[in-house]
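Trainee: Please find one structure pasted underneath; my questions will follow.
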Amino acid sequence: METTDKAINTLNTIIREIPAMPKHKEAHVQVIIINAKSAEILYEQPFDPLRLQKLRFFELHMKSALFNVRGPLLTASYENALKPFEITVRFNVRIIPGQGFKLVRFMNGRENPLELLNAALRQEAADYIFQHKDFVINFSQHGEVLRKLLTATAERIGLELDIQLQHQLKIDGIPQFFTDQFTVKAQTNDGQTVGIRHDLALTLTDPIKYALSDIKDTKEWVRKRLDQYTSNAVIDLNYATVLTNMDESLIKEPMKVAVQKIGYELKQMISVPGLDNEKFYFETADDSPNSQKDYSTRDTKFKVAVNMVVSGKLDLHEAKTKEFIKPDFDIIASMKKMAIGSARSYLIGKTPHECFLQFSQLEIDLLNHVRKTLEDAYGFYDLNLSIQSMESNLSDRFFRLQEKPHAIKFDADFQQKHFELGFQVSAVAEDGWFRFRGNNYTDTQEELEAIGKLVLDVMNNTMSYRTGLIDREAIMLEFEEAQKQVIAEFGLEIRVHTLTGSLSEQATISIEERTKDNQHRARQRDILREHNAIQLVELLQRRREAEKYDKEKALELQQEIDREVERLATGIEASTGSLQNISSRLLPGSDNPTSTPNS
């Protein structure tokens, strides 16, 4: 028989109420008239309208049957089980021949026929279950008796039922024993997280109760209960009490009751501080009253904000640690106070320069100082310290300024010369930390531009009217005055990074024009020299001709040639190429004394 939602939820196929007596009916259909008020059966329809108003008409299909009809849902409480025991009822049904009048009298109620039938069956079953306390345990025996009882109940009202009773409990495969170890973390009333390790063993005593609990994962169920009961117990205790004097019955007793409800017995449960119980964590600059953020430095006007993070694992067996583990004593607050005091005594001797520009080394030294203080007072398996500067943006701001050169442009010699000077932040001035911190720029470029404007004003005021020799030394002399003003206004030292210079456009054009003029004059002189050289060659030829006929005339020509050669050779503007060319033709012993410059 199906027990799904496909079960039938009505008896209309075998019995139903109709509004009036039908004119025609099939042979196997019986129509019974009943007075709704007096339950009197009538064999024919009366003609009195008043009597007709009180009548009900039922149509019975005597040869029909219904299968898999949904019966009532039966429940049985089982001791203190988490859920009731549920029995599903399904049945096949037909009308017992000759019992139609009995059935109609039973159905003469306000509910529909199936509701009336299920109500009768439910009541009969509830009475039986109530009288038999072992109903759930011995369901197989009681189920058969109950089935027969419900069948008899239906027969008394004119119906024949074939009943099946089913339940969904599965008791096969339930573990007989369960053992495991759990470490549960919980928070104490002083804000510390501790771990309690639980070793427990369970024995199955009632599989039906376990099946009724509808638990899918026993281990997960146990874990959740331990989380709940451990948290409830620890939240009322402080850290030291949990370590030294916790009453494990605060967890064991509620756990014992819980496992009994699911059919198990708590055979053993040991709750002890777990391996993580000695772990701790705190910050020296959190929001608690015993915290400290600002620490004084050697400069009384200047403080540094530091947050120190301390974590680790205490050695509870160390003698010096045990001195601090007492009921109602906050060992974590004690360690925190000691760490703050150690940091305070260390930083009071440091300069602002050390706190910000040598922070890496300062961090190492401060960590070592605080670590030694704590280790002298407590025993640790592990101790970790780190420092977070609350004003790390100040050192970050300086390093960003330092790594980014900035350039300015200024004029000299009445705008005839231009210079570009790149400067770079090199350090915070010795007494400049207060000024540097007070400016509180958030944008690096904005701060560099403000410094650059100050430097530019100083350079323009002096260099614009300087004439004559303007070299690096002269510029650096004026830059020294800018450095002093930057220290006074910004608290920073700057240095020259790059320096380049150039002439103005007007001066450049003037030089180019003079150069072109000189080149033109040189070309004119070269042409003249070339012409004179040609004349010298002609004189040379004439002298050679004269040597054949007139020795005196040849001597005069030679003297004239020597004067011209000397004048031409000593001319400072004659080109080297032209002189060499002429000399090759005039010197005695030339291979071709008669050749001309154009040959």
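Trainee: Over segment 105-189, what portion of Cα pair distances is larger than 21 Å, expressed as a whole percent?
Mentor: Value for segment 105-189 (Cα pairs over 21 Å): 52 percent.
Trainee: So with the 1.4 Å probe, I'd like the accessible area per residue for segment 347-405, rounded to whole Å².
Mentor: Per residue, segment 347-405 has 51 Å² of solvent-accessible surface.
Trainee: Then there is this: Name the residue from PHE423, LEU169, SER291 whose Cα lies farthest towards the positive end of the charge dipole of the chain, charges +1 on Cβ of Lys and Arg and -1 on Cβ of Asp and Glu.
Mentor: Comparing the listed Cα positions along the dipole, LEU169 ranks first.
Trainee: Using the beta-carbon distance between LEU73 and ARG197 and R0 = 45 Å, what value does 1/(1 + (r/R0)^6) give for FRET efficiency, to the nearest 0.05?
Mentor: With a Förster radius of 45 Å, E is 0.50.
Trainee: Continuing with this model, one more query. Over its Cα atoms, what ratio of radius of gyration to 2.2 N^0.38 Å does segment 186-257 give?
Mentor: With N residues counted in segment 186-257, Rg over 2.2 N^0.38 Å equals 1.29.
Trainee: Oh, and also: Let me know the charge dipole size of segment 206-264 about its Cα centre in debye, to the nearest 20, where only the beta-carbon of Lys, Arg (+1) and Asp, Glu (-1) is charged.
Mentor: The dipole magnitude comes to about 220 debye.
Trainee: I would also like to ask the following. Lys/Arg Cβ at +1, Asp/Glu Cβ at -1, dipole of the chain taken about the Cα centre: which of PRO84, SER271, SER311 is farthest positive-ward?
Mentor: Value computed over the given set: PRO84.
Trainee: Give me the dipole magnitude in Debye, nearest 20, for segment 152-258 about the Cα centre, with unit charges on the beta carbon: positive for Lys and Arg, negative for Asp and Glu.
Mentor: 220 debye
Trainee: Among the listed pairs LYS83/LYS256; LYS261/LYS313; LYS417/LYS453, give every one whose C-alpha distance is greater than 29 Å.
Mentor: LYS261/LYS313
Trainee: A follow-up question, please. If R0 is 56 Å, what FRET efficiency do you get for GLN181 and LYS303 from their C-beta distance, rounded to 0.05?
Mentor: Efficiency, from the Cβ-Cβ distance: 0.65.
Trainee: Let me ask something else. Please list, by residue number, everything in segment 416-446 whose backbone N is under 18 Å from a paramagnetic label point 7 Å out along Cα→Cβ of GLU489.
Mentor: Output list for this probe position: 421-429, 432-446.
Trainee: Starting from 0 in steps of 10 Å, tell me what percent of the Cα-Cα pairs of segment 41-186 lands in each bin.
Mentor: For segment 41-186, the binned pair fractions read 9, 31, 24, 16, 10, 6, 3, 1, 0 percent.
Trainee: Carbon and sulfur together cover what percent of the accessible area of segment 186-293 at a 1.4 Å probe radius?
Mentor: Accessible surface attributable to carbon and sulfur in segment 186-293 totals 45 percent.
Trainee: Shifting gears a bit: Scan segment 395-460 for GluC sites (Glu not before Pro) in coil per DSSP, keeping those whose Cβ has at most 13 other Cβ atoms within 10 Å, and list them by number.
Mentor: Passing sites in segment 395-460 are GLU403, GLU430.
Trainee: Give, in nm to one decimal, the length gained when the segment between GLU265 and ASP247 is fully stretched (0.36 nm per residue of separation minus the Cα-Cα distance).
Mentor: 4.4 nm
Trainee: Quick one: if you stick a label point 7 Å off each Cα along the C-beta vector at GLU375 and LYS83, how many nm between them?
Mentor: Using points 7 Å along Cα→Cβ, the separation is 5.9 nm.
Trainee: Sticking with this one: Please work out the Kirkwood hydrodynamic radius for segment 159-300, using every pair of different C-alpha atoms, and report it in angstroms with one decimal place.
Mentor: Result for segment 159-300 stands at 18.3 Å.
Trainee: So, one more: Taking the simple approach of a point 7 Å from Cα along Cα-to-Cβ for both SER386 and HIS531, what is their distance in nm?
Mentor: Distance between label points: 9.3 nm.
Trainee: Here's another thing I want to ask about it. Which entry in (i) 1.07; (ii) 1.51; (iii) 0.95 matches Rg/Rh (Cα atoms, Kirkwood Rh) derived from the coordinates of this structure?
Mentor: Comparing each candidate, only (ii) matches the computed number.
Trainee: Nothing charged except the Cβ atoms of Lys and Arg (+1) and of Asp and Glu (-1): what's the magnitude of the dipole of the chain about its Cα centre? Round to the nearest 20 debye.
Mentor: The calculated dipole for the chain is roughly 3260 debye.
Trainee: Would you mind getting me the FRET efficiency between SER288 and GLU449? Use the beta-carbon distance for r and R0 = 60 Å, nearest 0.05.
Mentor: Rounded to the nearest 0.05, the efficiency is 0.90.
Trainee: Related question: Less than 13 Å Cβ to Cβ from THR444, Lys/Arg counted +1 and Asp/Glu -1: what total charge do the surrounding residues give?
Mentor: -3
The values are calculated or read from the model by the stated rules, or taken from the named source; none is laboratory data. What you are looking at is a predicted structure, and each value in this text was computed from that prediction instead of being measured. Virtual Cβ from ideal backbone geometry, glycine too; neighbours counted across all protein chains shown. In case anyone asks, the SASA skips ligands and DNA or RNA and just uses the protein heavy atoms, side chains included. Shrake-Rupley method; radii C 1.70, N 1.55, O 1.52, S 1.80 Å.
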